[in-house]
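This report concerns only the one structure given below.
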Amino acid sequence: MRRVSVLAGILLLLPGALAAQQTAVDTKKEERLQALEERVRALEAQLNALKQELQAVRSDAPGGLGAKLEYAALKLPTLAVAEVAASIAQDPAAQAAAASQLPTYGGASSASKALNPDISVIGNFWGAVGRNAVRPVPTLEFHETEIALQAIVDPFARADFFVSLGREGIELEEGYLTFTSLPAGLVAKVGKMRAAFGKVNGMHNDALPWIDRPLVVENLVAGEEGINDAGLSVSRILPAPKGIFLEATGQIFRGDSENLFQAAQKKDVAYVAHLRGYRDITESTNVDLGFSYARGHSAPFAADSSDVTPDSNTELFGLDATFRWKPLRRAIYHSFLARTELVWSRREQIPFAQHAFGFVTSAEYRLDRRWTIGGRFDRSARFCSADLSMLRPSNACPGRATNVGLTDTGFSALLTYWPSEFSQIRGQYRFARYAEGRDGNELRFQFLFVLGAHGAHPF
């Protein structure tokens, strides 16, 4: 009976409790609606304020596009900044103001820069004290400014251009297109390029480990210009055992290289072949060997000289060897490099063919991160003219094929300081004993500096 009474009381109180609970729920809904209404009013007010700020940025902010965007970034949220950029981009007056300003990097500017090639400028300043009556150089000279433009053309090719500015004017030192994805593993180059004859011929002035070119290059391989001509080059990596890297290169050129080859007719093209072998001895040491051959129509000694015939040719045979020691963990502090290059030359001329031999051997050691010391010894024969009156002394050219009377010998000691990877200061003591019986005794110095992104030189 008692349980029935309790149950009856609960049933009587239940409607009132449900009504009170419903009232509380309704009250909370009203409070939430009021809060939402207040937030909507606040957002409307904020939106009106943003519109006013946007109008101020469009009309009143000083400067061009960059200044307006900077002002908007300080005043407005990210989405509003994007709206500012879009609105200004459609305003011709703002576009004209932006075009007159210096470029700002980042955002749209960085995207447009991706279409530009890597551009670099290399300054090469020379100086010399001492005497050299046979091959003198100026006391002070801005020897060369090299401008390089390099870029990937498409997934199948890249382009490299090197423009040289010097005392003789502006010259295209190299400019070629490289096709990297040809069938059968071939790599082709077309344009104006340095020939793959030995090591030194392919080096630009800023990549040389010395200030000047060795005597064998000056006498037998066309000096500073070298074998550098318009042509076509094809190379391929050949299979080889025992981890040897073997590469063969064949090149054909127009046939004009200063003081070496001269194309008298269209058929007088020049040919160059190079076989290179490379092998790691240890993880820190490696050896690089190369064999070279070049052939072209002989160039006369002078423009009005008649010492060559339409069938006169010059042949060059070369051998180069390089030894490197670069410990992986300490390469920027200590390293050693030794190289030797030998050249045999055969030149057909009137009245007889001449043979000449020359070589250069050098070594350099990095003492620490900043200093490098080195030495070079070179010796080279020299061709003589058929016109004996051009010789000093006049009896220096024997009437036989091997001209042992014209031989130059030189020695150099070098010290290089690297303030950073973008600049270097080099001093070179150079002694030369020339075939004329005269000596050259000089102290040369060089300042090299690089601006911009310059691609790596061939290894």
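The values are calculated or read from the model by the stated rules, or taken from the named source; none is laboratory data. Worth saying up front: this structure is predicted, and the values here are computed from it rather than measured. Note that each Cβ is placed from the backbone with ideal geometry, even for glycine, and that neighbours are counted across all protein chains shown.
Things worth noting here:
- Number of positions in the range 228-276 that are part of a loop (DSSP other than H, G, I, E, B) and in contact (Cβ under 8 Å) with a residue 24 or more places away in the chain: 16
- Within the range 282-326, tally of residues that are touching a His at 6+ places or on another chain (Cβ under 8 Å), among the aromatic types (Phe, Trp, Tyr) and outside any strand (DSSP E or B): 0
- Residue check, residue 279 in contact with a Phe, Trp or Tyr (Cβ under 8 Å, 6 or more places away or on another chain), within 24 Å of residue 213 (Cα to Cα) and either part of a strand (DSSP E or B) or of a type outside the set (Ser, Thr, Tyr) (or both): no
- Single condition residue 132 does not satisfy, out of (1) modelled with pLDDT of 95 or more; (2) surrounded by 15 or more Cβ atoms within 10 Å (Cβ to Cβ); (3) of a type outside the set (Asp, Glu): (1)
- Verdict on residue 132 being touching an Asp or Glu at 6+ places or on another chain (Cβ under 9 Å), under 30 Å from residue 292 (Cα atoms) and touching a residue at least 60 places away in the same chain (Cβ under 8 Å): no
- Qualifying positions in the range 195-218 - among the aromatic types (Phe, Trp, Tyr) and under 14 Å from residue 412 (Cα atoms): 210
- Scanning the range 174-203 for residues that are part of a strand (DSSP E or B) and either over 18 Å from residue 247 (Cβ atoms) or under 17 Å from the mean Cα position of the chain (by Cα) (or both) yields 174, 175, 176, 177, 178, 189, 190, 191, 192, 193, 194.
- Of everything listed in (1) in a strand (DSSP E or B); (2) under 21 Å from residue 282 (Cα atoms); (3) of a type outside the set (A, V, I, L, M), the single unmet condition for residue 329 is (1).
- Output for the range 260-272, where each listed residue is crowded, with 16+ Cβ neighbours inside 10 Å and out of contact with any Pro (no Cβ under 9 Å at 6 or more places or on another chain): 260, 261, 263, 269, 270, 271, 272
- Residue count for the range 116-173 under the criterion of being outside any strand (DSSP E or B), farther than 30 Å from residue 188 by Cα, out of contact with any Phe, Trp or Tyr (no Cβ under 6 Å at 6 or more places or on another chain) and of a type outside the set (D, E, K, R): the result is 6.
- Filter pass, residue 222 being in a loop (DSSP other than H, G, I, E, B), buried (at least 17 other Cβ atoms within 10 Å of the Cβ), touching a residue at least 24 places away in the same chain (Cβ under 8 Å) and in the same structural domain as residue 308 (by TED's automatic domain parsing): yes
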